[in-house]
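Structure first, then comments.
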Amino acid sequence: MRVVNRKSAIAICLLLFWAALWPLAAWGAPAAEGISASQELSAFNVVQLTEAYSFSLRLANQGSATYRGITAAVGKAKGFENGVFIPGAEAIGPKGENTYFFTVDISREAGPGAVDLPVTFYYDNNGKRETLIETRALFNVGRLISSVAGYDAVILDMAYTLENPEGFKAGATNVLTLVVTNRGNSVVQDVRVALTLPETMTIDNSSGSQYAGNLGIGEGKAVRFNVFVDKKTANKNHPVTVNMAGLGKSGAATSQQVVYIPVTGGEEKEEDSRPLSLQINGVGAPAQVPAGNEFTLCFNVWNDGEKDAENVKVEATSEPGAANKTANVFMEPKLAAGALKTYYITFLTDKTNGGKSIPLKMSVTSGTGDKAFSISQYANVYLEKLATEGGVSVKTPQLIVDGYSYGGGNVNAGKDFPLSVSFLNTSTKTVTNVKITLASDGGAFIPVGSSNSIYIAEIPAGDRVSRTLTMTVSPSAEQKTTPINVSMAYEDKDGGQFQGADVISIPVVQVTRLTVDDVVGQPMNYVGVPTGVEAKFYNTGKTALQNLRVAVEGNFDTAEGGSYYAGNMNSGASDSCTFTVIPREEGEMAGKLVFSFDDPSGNRVTQEKEFALAVGAMQMEGGPEMAVDETPPKDYTKFYVGGGAAALAIIIFMVVLSGILKRRRMHRELEMED
């Protein structure tokens, strides 16, 4: 029988043991004991041109150790850029599980198809950074195809920087750098960039149009403009329009964006450059007054300019023959642009000045020094001589309009308003059978529910009677201060017939009216795919809309600037706007167009038009769905069990072999003794 040397037997056992463990060493165990990484799904469906896409990985600790100071780093894959780890749970203990989140930018160079993105987790091992586990996140990348513009769509985008971060410096040349980027699906050739500047800015020592050359997909190039800013430019944000044009596969393409650049070191007040304009209108005064009687002068001061009037002084004076009975000087710290205010002053006439006219002067001033504004207007009141009875002076019966009100401010065309008029008998006699008729030029004002006449049985001497009518303004009434003629016929106690007339004035404002058609879009849209929304709008009012701007808002992104400046829009004019939007999520894409403009009174008006479009999941190239790799991550559990069983078998084999060798040695020793 062949005798096996003990050392040889042990060597054979060790070789067999390492042979059993060799597959585990060759495959490689996790960097730390018991750590595994997984995704909730085997792949994430993504699309090109997605910024800061969020994904997560889950770590499980099946071991007995605790790992602290956990961090992670995102590796490189074609088209996957700027990977960021979002710090999460700092430690993972035995039998513990944590989910960690990441973001990554997906460019047009990604995919299409399956992409593995390497991710490495680390832990702190007594101040030393050790690898916890190396794993990969799997993505299914779809190509971005526009359902509106097609694969050859051209989208030119722009970003700007200033040499001085605080803005342009007035009275100096400033450098404006524009970075034009091709966000479309094809190469753009011969790209040119031009600026449209405000009046106080000019291009200094350079061309007004810069050549950017050809732009590949996702490529950006910078152009520089030297902009000189006049020292009288106001300190505010000024609009600068950037016009971009190039040639794509489908032909010429243009894009326009407006940026607002602040100016420093210029004029301190924006309103200094705007005109100040004040008007006196709505003057009401009796044509004639018996000498010795009172009368009331009323008039409006209207700020029809574009800036607020400050330190406004309003005054009414008369020539000799009448003196003011009430205050005739009014100080207004501020009269806002578009505001209108009415003033009343009562005068007392001298009974010795009958038979002459008394001039009345109304004046308005604003500001001081070189920037002062002033305006004046005149009216006349005739003083009647007094009749006598038995040597005693008797006033001729006189009926006047001594006041009226219509709610203040302006009245809107096509709307009703209450008109209250007060009539004063200034004589010493009672007047009877009073008939008053109201009439306006062109039928601008029409009574509602009654005629245009008022009947009053009598008005005692010195008494005042008021009447209120509901008036409506003609929808076609011109926007201006419109007069109402007041004709009065009455009798005295002796049957004498008299007539009088007066004029009151009411400012009319036409209501602005912007009509917007339904927003039109594609019947089906897709997540991440640019699509278009369009709407037509019309000025159906009687006045122009000033500074009209349209903006788009909703649960989507915009490929270009999300606003359109239409400027001033005259009555009867029409326009349209188109926006490129990118849906964010499947389901319904809800949004609205926001129209804002200035009405004739200078007030900012906002009007909205809502819309909703259907959005489906992103369709991948080659079919509605791309195959997703369902191969589960490798599981080392079975291998560990198999390896352990093999090791146990080897140990048992070594024990049995050792026993055999021991018995053989004992037999050999006994034989030698025999």
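Quick look at the numbers
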| item | result |
| --- | --- |
| Selection count, the range 109-124, where residues are in a strand (DSSP E or B) and at pLDDT below 90 | 4 |
| Some residue of the range 247-261 being touching a Lys or Arg at 6+ places or on another chain (Cβ under 8 Å) and not assigned by TED's automatic domain parsing to the domain that holds residue 303 | no |
| Criterion violated by residue 518 - all others in (1) in the same structural domain as residue 289 (by TED's automatic domain parsing); (2) at pLDDT 80 or above; (3) not aromatic (Phe, Trp, Tyr) satisfied | (1) |
| Strands (runs of 3 or more DSSP E) lying entirely in the range 435-503 (those with 1 or more residues that are in contact (Cβ under 8 Å) with a residue 60 or more places away in the chain and under 57 Å from the mean Cα position of the chain (by Cα)) | 445-447, 464-473, 481-491 |
| Selection count, the range 155-177, where residues are farther than 14 Å from residue 215 by Cα, in a strand (DSSP E or B) and either of a type in the set (A, V, I, L, M) or free of Cβ contacts under 8 Å to residues at least 24 places away in the same chain (or both) | 5 |
| Test for residue 215: is it hydrophobic (A, V, I, L, M, F, W, C) and surrounded by fewer than 20 Cβ atoms within 10 Å (Cβ to Cβ) | no |
| Number of the condition not met by residue 183 [criteria: (1) charged (D, E, K, R); (2) surrounded by fewer than 17 Cβ atoms within 10 Å (Cβ to Cβ); (3) in contact (Cβ under 8 Å) with a residue 60 or more places away in the chain] | (2) |
| All positions within the range 321-368 that are modelled with pLDDT of 85 or more and either among the hydroxyl-bearing types (Ser, Thr, Tyr) or outside the structural domain of residue 277 (by TED's automatic domain parsing) (or both) | 326, 342, 343, 344, 346, 349, 363, 365, 366 |
| Any hit, the range 382-393, residues being under 21 Å from residue 350 (Cβ atoms), modelled with pLDDT of 80 or more and assigned by TED's automatic domain parsing to the domain that holds residue 428 | yes |
| Residue list for the range 506-526, filter: part of a loop (DSSP other than H, G, I, E, B) and surrounded by fewer than 20 Cβ atoms within 10 Å (Cβ to Cβ) | 511, 513, 517, 518, 522, 523, 524 |
| Pair list, Cβ < 7 Å and 6+ apart or interchain, from the range 210-223 residues that are over 22 Å from residue 196 (Cβ atoms) and in contact (Cβ under 8 Å) with a residue 40 or more places away in the chain to residues that are among the hydrophobic types (A, V, I, L, M, F, W, C) and part of a loop (DSSP other than H, G, I, E, B) | 217/187 |
| Per-region count, the range 308-334, residues more than 15 Å from residue 363 (Cα to Cα) and under 34 Å from the mean Cα position of the chain (by Cα) | 4 |
| Tally of residues being modelled with pLDDT under 85, surrounded by fewer than 19 Cβ atoms within 10 Å (Cβ to Cβ) and closer than 21 Å to residue 402 by Cβ across the range 482-504 | 5 |
| Residue within the range 287-298 that is in contact (Cβ under 8 Å) with a residue 40 or more places away in the chain, among the acidic types (Asp, Glu), in contact with a Pro (Cβ under 8 Å, 6 or more places away or on another chain) and assigned by TED's automatic domain parsing to the domain that holds residue 421 present | no |
| Filtered residue count, the range 281-304, keeping only those that are within 21 Å of residue 600 (Cβ to Cβ), in a strand (DSSP E or B) and not β-branched (Val, Ile, Thr) | 5 |
| Pairs where the first residue, in the range 101-129, is closer than 15 Å to residue 52 by Cβ and the second is loosely packed, with under 15 Cβ neighbours inside 10 Å and charged (D, E, K, R), C-beta under 6 Å, 6+ apart | 105/51 |
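The values are calculated or read from the model by the stated rules, or taken from the named source; none is laboratory data. Quantities reported herein were computed from a predicted structural model and do not represent experimental measurements. No Cβ is skipped: glycine too gets one built from the backbone with ideal geometry, and neighbour counts run over all protein chains shown.
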